[in-house]
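Read the structure below first, then the notes.
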Amino acid sequence: MSFMRMLGSAATALALTAGAAFADMPVLKAAVLQYGTVNWELDSIQHNDFDQAHGFELVVQGVAGSSAAQVAFQGGKADVIVSDWLWVARQRAAGKDFVFIPYSRAVGSVMVPEGSTAQSLADLKGQKIGIAGGPLDKSWLILQAYAEQEFGMDLKTETEQVFGAPPLIFKTALNGELAGAINFWHFLAKMEAAGMRPLVTVDEAATALGLDPQTPLLGYVVRGALLRENPELVEGLAAASRDAKDLLMSSEEEWTRLRPRMNAQTDAQFENLKAGFREGIPAAGPVDEAAAAKMLKLMAELGGADLVGTATELPEGLFVQPGS
């Protein structure tokens, strides 16, 4: 056999071996919002082979909304979704065996127009506030408790609320039709790039209420059975997520690669989105369960069963902790 043919045969064998090894890897199917910011991290995991480095293949399915993701997950069509841990606590309290891997602690703020004279929430009395996420939005609830504590103000009755989808609140705020706006963090980043300014951040409000703003709110949700039966797979997902976060924290080149899918219309939007994502990266290490329990208690008081169901205390086993 000629040298070139031997070389070709060796290369083919190597490719087949690599393909077989890849085929043997367990697959994790993630159902996430088609245009959600989590896609930036998932893209980095796939592009940089962080999934393969940790022994699995990540497959991402884009869905139209969070309810569609939850249906896919609960129906067994997806292994992973992204949600807040309060939803997971509610499901565990109802007997569902779901667990939470921290992903982001990004929260929003109340944004006001560039020319606004407002210096605190008290200055919005009698005015119109736009809120994305509905009456049970966690940021809105925390801000209500903050206004009551700091100013003796019933934010719900002393302002007029306009609830709507994030893009609608974004557009209405930029058009000057709102005195203040509460939106998802990536819309707030674009609003700030357009000249609006934060009046008070949810982090500031949470701190004033004695909550820990470092508690990650959003995370990857998997079934408890997967954690028990294949713990190395769940640990692999958490490790791949951390690898992507480390890269996105340090690499400008990775952000340049991701920019086409970030829907950033200007350089200012791009920079604010990048900064907002980085600011939301939670610290490595275990979640402070005492701090989470305190937040859950407040959310139960403010949102009631409509928000947390029967989860008035932190369910055991909610968080996937390092080494657990």
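The values are calculated or read from the model by the stated rules, or taken from the named source; none is laboratory data. Not measured: the values here are computed from a predicted model. Heads up, the Cβs are rebuilt from the backbone with ideal geometry, glycines too, and the neighbour counts pull from every protein chain shown.
Hey, any hits in the range 27-38 for a residue that's modelled with pLDDT of 95 or more and assigned to a helix (DSSP H, G or I)? There is at least one residue in the range 27-38 that is modelled with pLDDT of 95 or more and assigned to a helix (DSSP H, G or I). A118: part of a loop (DSSP other than H, G, I, E, B) and over 24 Å from E313 (Cβ atoms), yes or no? Yes: the conditions hold for A118.
Restricting attention to the range 72-97, the residues that are part of a loop (DSSP other than H, G, I, E, B) and in contact (Cβ under 8 Å) with a residue 40 or more places away in the chain add up to 5. If you go through the range 98-105 one residue at a time, do you hit one that is under 22 Å from A193 (Cβ atoms) and either outside any loop (DSSP other than H, G, I, E, B) or at pLDDT below 95 (or both)? So far as the range 98-105 goes, yes, one or more of its residues are under 22 Å from A193 (Cβ atoms) and either outside any loop (DSSP other than H, G, I, E, B) or at pLDDT below 95 (or both).
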